[in-house]
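A quick write-up on the structure given underneath.
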Amino acid sequence: VHGKKINFQGDKMKKLKKFLSCIDGQAAAVAAVMLVIGVLFIAFPEGSLKIVCYITGSVTLLWGAARFILCFKRGADRKIYDIVLSVVIIAAGILLLLAPDFIAGIVTVLFGAILIVDSLLKIQDSYDLYKFKSKGWWLGAVIGGACAVLGIIIVFNPFATTRILMIFAGISLIFDAACSFAAVIYLGCKEYREEERGDAERGDGGNVTDI
């Protein structure tokens, strides 16, 4: 009985590791960064823009560098988009750190532009899903379109005060992050099920040795 229990736990750990390997770590990291920046915008909507610039600049620079290194793992059809976005993000991080006084006035515009570029990547992902006739492909296109609209609103700033703009930008970034997390989990589950189905067809799924 003890051996079967250990075997069952080991099987669960193997499945968990297999599921995590199906998760796009790069996309999850991007979503986490967007979430952190969004929270910063809401927490410091005014009076502390310079602090926000330093914190956001550090996070953004690391984010861009990580994306640039990892983007070469993408397929050829996505690589150019990832490289462009990574360069934009790195440039944004450097500007935030070196010229916080100047950037403070346009920091929301900067992230509005990043949000627009990220929305284009979401639409590209949805198109890839459409080509593979995957269910729910249209949802990614709708979310990408919504994020693009939010980014455009941030860039053109129809708001009366900086405080309102910062809060709106923060909410928009958090929305983008939440959608990205949902997409990462959905695609991870999809890939995991496909791998499990492939293992079952090959007869690899049920061979677990008791300890």
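In the set (1) open to solvent by 20 Å² or more (accessible area, probe 1.4 Å); (2) within 20 Å of ALA28 (Cα to Cα), LEU150 fails one condition alone, (2).
Only residues that are surrounded by fewer than 23 Cβ atoms within 10 Å (Cβ to Cβ) and under 23 Å from ILE83 (Cα atoms) were counted in the range 132-143, giving 2.
Number of residues in the range 30-65 that are at pLDDT 80 or above, surrounded by fewer than 21 Cβ atoms within 10 Å (Cβ to Cβ), farther than 17 Å from SER172 by Cα and not polar (S, T, N, Q): the value is 6. Only residues that are under 13 Å from the mean Cα position of the chain (by Cα) and either surrounded by fewer than 21 Cβ atoms within 10 Å (Cβ to Cβ) or on the phi > 0 side of the Ramachandran plot (or both) were counted across the range 162-176, and they come to 2. What pairs can you find where one residue is in the range 19-31 and under 10 Å from SER180 (Cβ atoms), the other is assigned to a helix (DSSP H, G or I), and their Cβ atoms are less than 6 Å apart, with a gap of 6+ or different chains? Here the result reads ASP24/VAL184; ALA27/VAL184; ALA28/VAL184; ALA31/ALA177; ALA31/SER180; ALA31/PHE181, each pair linking the range 19-31 to a residue that is assigned to a helix (DSSP H, G or I). If you go through the range 109-157 and keep only what is out of contact with any Gly (no Cβ under 9 Å at 6 or more places or on another chain) and among the polar types (S, T, N, Q), you end up with just SER134. Taking the range 77-168 and the helices (runs of 4 or more DSSP H) fully enclosed by it, the elements with 2 or more residues that are touching a Phe, Trp or Tyr at 6+ places or on another chain (Cβ under 8 Å) and over 20 Å from VAL59 (Cβ atoms) are at 107-131, 137-156. Scan the range 146-161 residue by residue and report those that are farther than 19 Å from PHE44 by Cβ and either within 21 Å of the chain's Cα centre (by Cα) or basic (Lys, Arg) (or both). Of everything in the range 146-161, those that are farther than 19 Å from PHE44 by Cβ and either within 21 Å of the chain's Cα centre (by Cα) or basic (Lys, Arg) (or both) turn out to be ALA146, CYS147, ALA148, VAL149, LEU150, GLY151, ILE152, ILE153, VAL155.
The values are calculated or read from the model by the stated rules, or taken from the named source; none is laboratory data. Since this is a predicted model, take the numbers as computed values, not measurements. Glycine gets a Cβ as well: all are built from the backbone with ideal geometry, and neighbour counts include every protein chain shown. Keep in mind that these areas ignore ligands, DNA and RNA; they rest on the heavy atoms of the full protein, side chains included. Shrake-Rupley method; radii C 1.70, N 1.55, O 1.52, S 1.80 Å.
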